Amino acid sequence: MSLPPRTLAVQDLYLRDSWLYRILPSVRHKPFTPMSCGDLTENWNDVEPDPNQLRWKPFNIPKSSEIKVDFISGLHTVCGAGDSKSRNGITIHMYTCNTSMTDKCFQNADGDFLIVPQQGEILITTEFGKMMVEPNEICVIQQGMRFSVDVFGETRGYILEVFGAHFELPDLGPIGANGLANPRDFQTPVAWYEDRTVATGYTVVNKYQGKLFSCQQDFSPFNVVAWHGNYTPYKYNLENFMVINCVAFDHADPSIFTVLTAKSTRPGVAIADFVIFPPRWGVADHTFRPPYYHRNCMSEFMGLIKGHYEAKEEGFQPGGASLHSIMTPHGPDVDCFEKNSTAILKPERVAEGTMAFMFESSFSMAVTKWGLDTCHHLDKSYYECWEALQNHFNPNWKPSSK
């Protein structure tokens, strides 16, 4: 198990580096050779574009009694855009696995992984130490860091991968010094090492330019006796998010729920934002409180860790997902609209016992063949949740006088 983690201020650091004190240098290994990528891909032209609203039922987790699947072999790319070679883009993966990685580690030379466990805790051993990450927590493994994943049963989660930028806290602007995800709540592992020879061979799997390669060495890569620096893996408990919400009228933009952002070169535009919809109070007057119907210039990929998302309490399930592409209309389903259009507006708790999240990107994301077909979990009846919306327009309506 890991030692108690320490806090890390995740900020916009112009210089990010760490110094690692190793028993043996990582350069001592056999040559890398190509290996099967499975459902991991960066090919965005494998299938035709699909601008429809997309929703997936909970993705299957393989049964350990039928097949052993570890974190690497359980990676499935759902959608993405851009290119790891040009260092500009985003990829969204699911991981579904049931067995721990044994004498094997993973390294992503292409970008950062933001991992969102949904079912089952994961023990991540890194070169910097160990982190136990549970559902309702997230962790970030930055580019080039080697890690191994232990699981304790059937396990599932989401991954946001970004190329060419690192995750950082959003600019708070007029909010001021404190709010949203506070730096004090991010934690890094403390140094942990093993001086272990592996006579049968230790496998290092490297994701490089969208492909997988592996090499062999005869020792554990987790042989870092001590380290210092600010380029580290880290984790965060979503319950620590300091929620800001509208207290007068109207529905605020979901950017007020941003935990981390990966900025693009254009000011105010993100490669990707990680946004959550945590339990909170709803108090707005003269307002349709759920998310409004809209189209926008961002791609919105949503997942559900637990509970029921307030805008679609049926159909959108934990372990599933949805994708609303750039300029594709979307919003609350019929039941949510009818309920909230006639509701008495009084202070109430919203999303109690729930944690939904969104990977929002300025990229127009393509869905993979696995996402559209092979996974067999695309909900082809999704559009029907809006079919019963009725016209309530009355040109003679006037506000009541008081």
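The values are calculated or read from the model by the stated rules, or taken from the named source; none is laboratory data. Predicted model only: the values in this text are computed from it and were never measured. Cβ atoms come from the backbone with ideal geometry, glycine included; neighbour counts cover every protein chain shown. Side chains are part of the model used for accessible areas, which takes the heavy atoms of the whole protein and leaves out ligands, DNA and RNA. Shrake-Rupley method; radii C 1.70, N 1.55, O 1.52, S 1.80 Å.
Quick one: accessible area per residue over region 245-402, 1.4 Å probe, rounded to a whole number of Å²? List each step's numbers first, then the result.
Working: 8420 Å² over 158 residues.
In whole numbers, region 245-402 has 53 Å² accessible per residue.
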Eligible lysines near Lys312 by straight Cα distance, threshold 27 Å, same-chain separation 8 or greater:
Lys57, Lys339, Lys346, Lys369, Lys380
Once Lys and Arg are counted +1 and Asp and Glu -1 for all other residues with Cβ under 13 Å from that of Thr102, the total becomes 0
Show me the GluC sites (Glu not before Pro) within region 319-400 that DSSP assigns to loop and that have at most 10 other Cβ atoms within 10 Å of their Cβ.
Glu387
Using the alpha-carbon centroid of each, what span in Å lies between region 55-120 and region 309-357?
27
Non-local amide H neighbours of Gln118 (under 5 Å, H modeled in plane, Pro and chain starts lacking H): which ones?
Arg156, Gly157, Tyr158
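When the accessible area of region 241-382 is split by element with a 1.4 Å probe, what percent falls to carbon and sulfur? Provide the component values of the computation, followed by the final result.
Details: 3640 of 6390 Å².
Summing carbon and sulfur atoms, their accessible area is 57 percent of the total for region 241-382.
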On the full set of protein chains, 1.4 Å probe, figure out the accessible area of Cys336 and give it in Å² to the nearest 10.
10
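Can you check what the net charge comes to around Arg55, using other residues whose Cβ is under 13 Å from the Cβ of Arg55 (Lys, Arg +1; Asp, Glu -1)? Don't jump to the answer; show the numbers that get you there.
On the way: positive: Lys57, Lys312, Lys380; negative: Asp50, Glu300, Glu314, Asp333, Asp379, Glu384.
Combined, the nearby Lys, Arg, Asp and Glu give -3.
Accessible area, 1.4 Å probe, largest first: how do Asp46, Asp83 sort? Kindly include the intermediate steps, with their values, before the conclusion.
Numbers: Asp46 90, Asp83 50 Å².
Order by accessible area, largest first: Asp46, Asp83.
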³J(HN,Hα) across region 170-183 via Karplus (A = 6.51, B = -1.76, C = 1.60, θ = phi - 60°), whole Hz, x for Gly/Pro?
x, 5, 8, x, x, 4, x, 7, 10, x, 6, 8, 7, x
Long-range amide H partners of Asp50, meaning residues 5 or more apart or on another chain whose placed amide H is closer than 5 Å, are Val367
Read phi for every residue in region 233-240 and hand back ³J(HN,Hα) as whole Hz from Karplus 6.51 cos²θ - 1.76 cosθ + 1.60, θ = phi - 60°, with x for Gly and Pro.
x, 7, 9, 8, 8, 5, 5, 7
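Students sometimes get this wrong: rank Asp112, Asp185 by accessible area, probe 1.4 Å, all chains present, largest first. Please report the intermediate quantities before stating the final value.
Values: Asp112 0, Asp185 35 Å².
Most to least solvent-accessible, the answer reads Asp185, Asp112.
Normalising by the residue count of region 77-179, find the relative contact order in percent from Cα pairs under 8 Å and 6+ residues apart. Don't jump to the answer; show the numbers that get you there.
Working: 230 pairs, mean separation 36.8, N = 103.
Computed value for region 77-179: 36 percent relative contact order.
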For region 187-322, what relative contact order do you get, as a whole percent, if you take Cα pairs closer than 8 Å and at least 6 residues apart?
16
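So how do Met132, Met358 rank on accessible area, 1.4 Å probe, biggest first, that is with the largest at the start? Display every interim value, and only then the final one.
Working: Met132 30, Met358 5 Å².
Sorted by accessible area, descending: Met132, Met358.
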Ala181's amide H: which non-local residues (gap 5+, or another chain) put their own amide H closer than 5 Å, with H modeled 1.01 Å from N in plane and none for Pro or chain starts?
Met242
If the only charges are +1 at each Lys and Arg Cβ and -1 at each Asp and Glu Cβ, what is the size of the charge dipole of the chain around the Cα centre, to the nearest 20 debye?
580
Per residue of the chain, what 222 nm ellipticity follows from adding -39500 (n - 2.57) for every DSSP H run with n ≥ 4, rounded to the nearest 500?
-500 deg cm²/dmol
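Let me check against my output: what whole-number percent is the relative contact order of region 241-382, with C-alpha pairs under 8 Å and at least 6 apart?
Details: 267 pairs, mean separation 42.0, N = 142.
Once normalised by length, the contact order is 30 percent.
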Which whole-Hz ³J(HN,Hα) couplings does region 92-103 yield from phi under the Karplus relation 6.51 cos²θ - 1.76 cosθ + 1.60, θ = phi - 60°, glycine and proline marked x?
10, 10, 10, 10, 9, 8, 9, 9, 7, 7, 10, 6
Straight-line reach only, C-alpha to C-alpha below 12 angstrom: list the aspartates and glutamates that Lys85 could link to, leaving out same-chain residues fewer than 8 apart.
Glu42, Asp110
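What net charge do the residues around Lys312 carry, taking every other residue with its C-beta under 9 Å from that of Lys312, with Lys and Arg at +1 and Asp and Glu at -1?
On the way: positive: Arg55; negative: Glu310, Glu313, Glu314, Asp333, Asp335.
Every neighbour counted, the sum reads -4.
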